[in-house]
1. Measure off, as a whole percent, the carbon and sulfur share of the 1.4 Å-probe accessible area of the range A:308-407, all protein chains present.
2. Return the distance in nm (one decimal) between the two label points of a simple spin-label model at residue B:234 and residue B:126, each offset 7 Å from Cα along Cα→Cβ.
3. Of A:263, A:396, A:247, which has the largest mean-square fluctuation in a 10 Å C-alpha GNM of chain A?
4. Whole-Hz ³J(HN,Hα) for each residue in the range A:195-210, computed from phi via Karplus 6.51 cos²θ - 1.76 cosθ + 1.60 with θ = phi - 60°, x for glycine and proline: what do you get?
5. Which whole-Hz couplings ³J(HN,Hα) result when phi for each residue of the range A:255-262 is put into the Karplus expression 6.51 cos²θ - 1.76 cosθ + 1.60, θ = phi - 60°, listed in order with x for Gly and Pro?
6. Taking the Cα centre of the range A:3-349 as the origin and placing charges on Cβ (Lys, Arg +1; Asp, Glu -1), which of A:134, A:311, A:46 is farthest toward the positive end of the dipole?
7. Name the residue, out of B:178, B:16, B:80, whose mean-square fluctuation peaks in a Gaussian network model built on chain B with Cα pairs under 10 Å.
8. Determine the shape class of chain A: with a ≥ b ≥ c the square roots of the Cα gyration tensor eigenvalues, call it rounded for a/c under 1.5, and otherwise prolate if a/b is greater than b/c, oblate otherwise.
Amino acid sequence: MSLINNLEKYSKTLLLSTEEKNDLNSFFSSGFPNISDEEWKYTSLNKIVKNDFVVEDLPVFDEDNIIDKVSLGFKNKIVFLNGKLVSSPKIDGITISDFKSFKSKTNNSILSLNSSMARNGFSIDVENNTVLNSPIEILFLISSTRNTFLQYRNQINLGKNSNLKIIENIHSIHENLAFINHFTQVKCDENSIFEYNKTQNNKDNFSLIDTCNIYQEANTTSSVNTLIFGGSFIRNNLNFEQNGENAESNMNGVSVLNGSQFADNHTFVDHKKSNCRSNEVYKGIYLDKSKGVFNGKIMVRPESQKIDAFQSNNNLLLSDESTIDTKPQLEIYADDVKCSHGCTIGQLDKEALFYMKSRGLAEKEAKALLTYAFTNEAIDKISVPEFKDKCEKLIAEKLNVKLDFNH
Amino acid sequence: MLNIKNLKAQIEEIKILNGINLSVNAGEVHAIMGPNGSGKSTLASVIAGKEDYEVTDGEIEFESEDLLDLAVEERSNKGIFLSFQYPVEIPGISVSNFMKTCINERRKQQGLDPMPATDLLKLMREKMELLNINSGYLSRNMNEGFSGGEKKRNEIFQLAMLNPKLSILDETDSGLDIDALKIVANGVNKLRTENNATIVITHYQRLLDYIVPDFVHVLYNGKIVKSGGKELAYELEEKGYDWITKK
Ligand SMILES: Nc1ncnc2c1ncn2[C@@H]1O[C@H](COP(=O)(O)OP(=O)(O)O)[C@@H](O)[C@H]1O
Ligand SMILES: [Mg+2]
């Protein structure tokens, strides 16, 4: 059986509302996206969805110390084991609860699948004026002896003048296939500040579609840092909608891939109000036969004046067989707009390597340090030191050197 | 310390070095002068081990060891330091982080533990003081946005940190005003001992007023066409190169 059959069968076991039924039908009538869809041109799900999966039916597992091993050690932790919420912290001014059904504004087949049948996830409500200094760490851990398909549907609501930082890690520790359809909706009320740090660091049996929709009111700053270190297939859809003036959306990404890993970052900023900003810095490093896709869409609506939008996507192809497809997609309908974008594809600078080696660094270390330096512009934007350290360690690990990149 | 015999090198079939002989002993300062394009930087790069150049003949010995078989970093770890004519900008890595990595990688090869952060900082501060470098400098990215003079100072800072046996200064004076030149020269002089040696590559005699050479060599068309004492530099300053090269 293929995943679509698995899903059909699974859907019959659920009690669906009318709306969920509609979403389900719309998913089944279009199926999974395929490469004839412009948005999925370089990104084929075929190899994944042809497999036989168990849908949402896994016992909570009990593996010694796994949480300690994966966690960065923050006090405030939300933990999911095989889809089930097993622990969540109590924090003043913040309500954290298990999955709650909610409607999402945009739709596509992946989101229809999610809204119709996802039954797991978290809901975080931050009260007005609540400022949390230490981040909340969210772990989604998966372990199973069968191929597993899981969906999460999460929502985060930030009240006025609130401040929240999240560190999220979706991590599979098993040997069979895992395929996750992850969706998070974030609503940022006026004057709130939000930072979402994602690590996607998995083995080659792991596939992920992660959609994150962020809605920003006036005077909000919202930042998403996406750090990809592995997984056979990753597709991130990161969408910002600015619904108030003086909103700022920041996106930073680093992908370091090897083997035949694949990662696709699709981002979209919808500047719907005047006096707003967006900053986007994505760095891709591709070894072996790995493949990257970047598509950065920026929309400035006709009535949105004084928009400042910056986008860059820089890529290093560190082998002959790695590839990157990168595309800026600018749709600017207002006149008073500052918009700059640039993408580069290159190799490590030979002069710089000679320079570094002349100071005593061996070839491998010089290359790794230069590669790290290349990612630094994006890494530097992470405000949580523990997370930044972890990312620097993972880069060193991925480049197979014992260097401490911390400064 | 350094023995170069009949060294010939080329890049993509273009012959650049055409039989260089040069011998440098510990404690000595050698100046290499010569018109633009004569091969001075190429000689420096070949000694440092730049792979772009193909050595077609001759040999380089460093402390009685064949240098030509060694990789760039091995030469560096043996004590050869090249101060670049055009230092490379490396965005994304701070001066202190770069130095820390270089020092600790070297220690690793020597079987030593990393230098404790406080010792390292102390050492860096000491060398910065020697070169009159202000404190904000350590957190700036390597050479990124540095003025010409700052870049050259950064080269000598690295030299001071790595404490090489043989320093090759390629046009270290270019981009420096007279005050900076004095500071840098003073730094280089303070680092001199009877156990290390310096090769100063320059166009102008000016630097040699401050770093006084024991020998001056004129390089032309990839060959050393004349050698002498420090007076030769004054003679060149006065008469130009024509009287040598037209012969
Ligand atoms: N990478 C290179 N490719 C081609 N020609 C080179 C290269 N490096 C040096 N040359 C040539 O070799 C000659 C010597 O250059 P260089 O060593 O830089 O001279 P100098 O430092 O004395 O000014 C010049 O004619 C220069 O054009
Ligand atoms: Mg030169």
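1. Carbon and sulfur: 48 percent of the exposed surface of the range A:308-407.
2. 3.8 nm
3. For chain A, modelled as a Gaussian network with Cα springs under 10 Å, the answer is A:396.
4. 10, 10, 10, 10, 10, 10, 9, 9, 7, 7, 9, 10, 10, 9, 10, 10
5. After applying 6.51 cos²θ - 1.76 cosθ + 1.60, I find 10, 10, 10, 9, x, 10, 5, 9 Hz.
6. The listed residue farthest towards the positive side: A:46.
7. Checking each option, the largest mean-square fluctuation is seen for B:178.
8. Rounded, because the longest to shortest axis ratio a/c is under 1.5.
The values are calculated or read from the model by the stated rules, or taken from the named source; none is laboratory data. Not measured: the values here are computed from a predicted model. A quick note on method: Cβ atoms are made from the backbone with ideal geometry, for glycine too, and the neighbour counts reach across all protein chains shown. For accessibility, only protein heavy atoms count, side chains too; no ligands or nucleic acids. Shrake-Rupley method; radii C 1.70, N 1.55, O 1.52, S 1.80 Å.
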